[in-house]
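These notes concern the structure reproduced below.
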Amino acid sequence: MAHPNLWYPYTQAKTAPDPIKVIAAQGAWLELENGQRILDCISSWWVNLYGHAHPHIAEAIYTQARTLEQVIFSGFTHQPAETLAERLTALLPPPLTRVFYSDNGSTAVEVALKMAYQYWLNQKQQRRTFIAFEGAYHGDTFGAMSVCARSTYSDAFAPMLFEVEFIPFPDTFLGDPEVEAKEAAALAILQEKLQQNPDRYAGVIVEPLVQGAYGMRMGRPQFLQQVQQCLQEWGVLLIFDEVMTGFGRLGTTFACDRVGICPDMICLSKGITGGFLPFSATVCTEAIYEAFYSEDLSKTLYHGHSYAGNPLGCAAAIAGLDLLPQYEPRFAALENQHLEHLQALKDYPQVERLRVTGTIAAMDITTVPEGYLNSVSVQVRQLAIEHNLLLRPLGNVLYLLPPYCITDEELAFIYGGIRAILEKLA
Ligand code: PMP
């Protein structure tokens with residue numbers, strides 16, 4: 001039942017099915033109030049990398065809570081913040097050296113946009129425009145929303161958003177014959193923009209390799225490599241929003257490792273604490289940091305949050321990083337297992353555009369009457385519960401983004417459930 005004192009996110013309370021009450025969680029499984037156990041196929045909102053209630057992270061938070069739970073992070077510093085910054089920069093490509101903490105994915109993006117804009121301003125250039133990708137999702141605060149593709153989610157706020165220029169995201173799938181042509185077309189648009197107005201653009205923001213919320217749309221490393229080459233020619237900053245893709249999600253520690261390039265800034269959140277606490281980081285190069293380092297106070301980055309660098313968040317993130325190496329073989333293996341399981345689905349007429357990158361698999365459901373995207377998603381969610389699965393399609397896009405602790409048997413159980421659900425949709 002929806003609680004009379006609660007307002008749930010992304011929910012039209014009048015028409016939405018009643019929310020399901022969860023009372024506990026362990027590993028990949030959630031326990032519901034009615035005693036049913038369901039398998040979390042999407043790591044909740046893409047956050048629980050190592051499964052729910054992992055004891056190592058729980059312990060780290062407990063210990064930290066009894067030592068230093070919170071302290072103002074301006075004029076003061078603390079060990080967990082310093083250790084985490086060292087651990088993160090040691091994992092990231094070497095040019096990314098400076099870590100700025102905030103507390104969710106949207107604010108990690110806000111910070112990156114503000115840093116990029118002020119980076120130019122501090123050098124006496126006013127570059128007001130960002131380039132983002134069609135189909136992008138970067139968060140729900142106004143700045144982050146501005147660089148998102150316009151959609152029903154942002155329509156009400158459209159007049160309040162700053163102007164952004166969008167270019168196509170050349171998304172692809174297994175056996176796509178047109179990917180190179182799509183990439184070349186997108187690059188040509190980018191090049192033309194930069195050639196025509198080289199001083200207009202502060203930066204380009206992209207979800208590297210997988211656009212999440214718009215429907216797990218997957219691209220190729222080659223494309224991003226070319227984007228970076230083009231930006232370097234014109235000196236425009238590249239921001240990777242790795243809020244979803246960071247920490248092994250795409251089979252490498254970060255998506256930028258899989259692409260083989262280093263952006264000027266990277267936004268991290270979601271899995272950073274293994275799904276335990278809200279926390280985020282925006283990491284930039286020393287060159288960006290230096291543009292703010294000055295005796296002139298107007299060059300300061302005037303941005304901060306009450307909970308910036310929260311020691312509990314830092315402790316959870318450090319504990320998450322302790323766990324990451326032990327799951328490395330697993331997140332690489334998951335890619336092959338997804339590919340094998342998708343083989344068994346490729347002849348199902350109910351799905352098309354099967355795709356995999358790292359631990360994420362996705363497919364489009366074809367049996368959707370025009371204008372009924374939302375109802376297919378609701379129908380699949382309900383059928384999934386009947387098969388003891390937590391699935392939450394994005395419109396007609398069915399996807400899996402499991403915690404890395406998932407076993408081979410559990411993955412087979414998910415795909416068995418998906419086949420049964422698709423047969424009911426036929
Ligand atoms: N960027 C990306 C790529 C995301 O997927 C999300 C969340 N889905 C965000 C930013 C926003 O993160 P949050 O919900 O923590 O504000």
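Taking every C-alpha pair closer than 8 Å and separated by at least 6 residues, the mean separation divided by the residue count of the chain gives a relative contact order of 23 percent.
For the chain, the mean residue ellipticity at 222 nm estimated from helices alone is -11500 deg cm²/dmol, where every DSSP H run of n ≥ 4 contributes -39500 (n - 2.57) and the total is divided by all residues, rounded to the nearest 500. Pair-distance distribution P(r) for the stretch 34-136, from all Cα-Cα distances in 5 Å bins starting at 0: 2, 8, 10, 15, 20, 16, 11, 8, 6, 3, 1, 0, 0 percent. Applying the criteria of a DSSP loop state and at most 13 other Cβ atoms within 10 Å to the chymotrypsin sites (Phe, Trp or Tyr not before Pro) of the stretch 12-118 yields PHE76. Full extension of the segment from THR77 to SER306, taken as 0.36 nm per residue of separation minus the current Cα-Cα distance, would add 81.1 nm.
Using the Karplus relation 6.51 cos²θ - 1.76 cosθ + 1.60 with θ = phi - 60°, the per-residue 3J(HN,Hα) values for the stretch 3-14 come to 7, x, 9, 10, 10, 7, x, 6, 10, 8, 4, 5 Hz, with x marking Gly and Pro.
Were the residues from GLN125 through ALA420 laid out at 0.36 nm apart, the gain over their Cα-Cα distance would be 100.4 nm. A Cβ-based charge dipole, computed about the Cα centre of the chain with Lys and Arg at +1 and Asp and Glu at -1, lands at about 480 debye. Between GLU86 and GLU31, the distance separating the two model label sites (each 7 Å from Cα on the Cα→Cβ line) works out to 3.9 nm. For the pair THR67 and ALA24, a Förster radius of 35 Å applied to the C-beta separation gives a FRET efficiency near 0.85, rounded to the nearest 0.05. Couplings 3J(HN,Hα) of the stretch 394-403, computed from phi: 9, x, 9, 9, 8, 9, 10, 8, x, x Hz, in residue order, whole Hz [Karplus 6.51 cos²θ - 1.76 cosθ + 1.60, θ = phi - 60°; x for Gly and Pro]. Assuming R0 = 22 Å, can you tell me the calculated FRET efficiency for the pair ASP176 and GLN343, based on Cβ-Cβ distance, to the nearest 0.05? Efficiency, from the Cβ-Cβ distance: 0.85. Pull up the DSSP beta bridges for the chain and report the antiparallel fraction as a percent, rounded to 5. If we restrict to bridges inside the chain, about 65 percent are antiparallel. Find how many whole Å separate the alpha carbon centroid of the stretch 219-244 from the alpha carbon centroid of the stretch 61-117. The distance from the Cα centre of the stretch 61-117 to that of the stretch 219-244 comes to 24 Å. Strictly over 25 Å apart at the Cα level, which of LYS182/LYS346; LYS270/LYS424; LYS346/LYS424; LYS14/LYS424 would you flag in this model? Violating the 25 Å limit, Cα to Cα: LYS270/LYS424; LYS14/LYS424.
Around the Cα centre of the stretch 302-406, unit charges on the Cβ atoms of Lys, Arg, Asp and Glu (plus for the first two, minus for the last two) sum to a dipole of about 160 debye. If the cut-off is a Cα-Cα distance under 20 Å, which lysines reach LYS114, setting aside same-chain residues fewer than 8 apart in sequence? In chain and number order, the partners are LYS124, LYS299. For the stretch 93-218, the solvent-accessible area of protein heavy atoms averages 43 Å² per residue (probe radius 1.4 Å; ligands and nucleic acids excluded).
Per-residue packing, averaged as other Cβ atoms within 10 Å, sorts the ranges 12-24, 175-187 into the order 175-187, 12-24, beginning with the highest. For the stretch 8-84, the equivalent ellipsoid built from the Cα gyration tensor has semi-axes of 33, 18, 12 Å, listed from largest to smallest. Restriction of the chymotrypsin sites (Phe, Trp or Tyr not before Pro) in the stretch 148-195 to DSSP coil positions whose beta-carbon has at most 11 other beta-carbons within 10 angstrom yields no sites.
Looking at the stretch 203-353, the pairs of alpha carbons with a distance over 24 Å make up 46% of the total.
For the stretch 245-329, GluC sites (Glu not before Pro) meeting the loop criterion (DSSP other than H, G, I, E, B) and having at most 16 other Cβ atoms within 10 Å: GLU295.
A 1.4 Å probe run over the stretch 287-426, with the rest of the protein chains in place, finds 45 Å² accessible per residue. Simple spin-label estimate for ASN388 and THR97 gives 5.3 nm between the two label positions (7 Å along the Cα-to-Cβ direction from each Cα).
Comparing GLN125, PRO159, ASN5 along the charge dipole axis of the chain, the residue lying farthest to the positive side is ASN5, per the Cβ-charge model.
Look at the alpha carbon pairs under 8 Å that are at least 6 residues apart: their mean separation over the length of the stretch 279-426 gives a relative contact order of 18 percent.
Ligands, DNA and RNA left out, the 1.4 Å accessible surface of the chain is 54% carbon and sulfur atoms.
The values are calculated or read from the model by the stated rules, or taken from the named source; none is laboratory data. Please read these numbers as outputs of a predicted model, since none were measured by experiment. Backbone-built Cβ (ideal geometry, glycine too); neighbour counts: all protein chains shown. These accessible areas exclude ligands, DNA and RNA; they are computed on the full protein's heavy atoms, side chains included. Shrake-Rupley method; radii C 1.70, N 1.55, O 1.52, S 1.80 Å.
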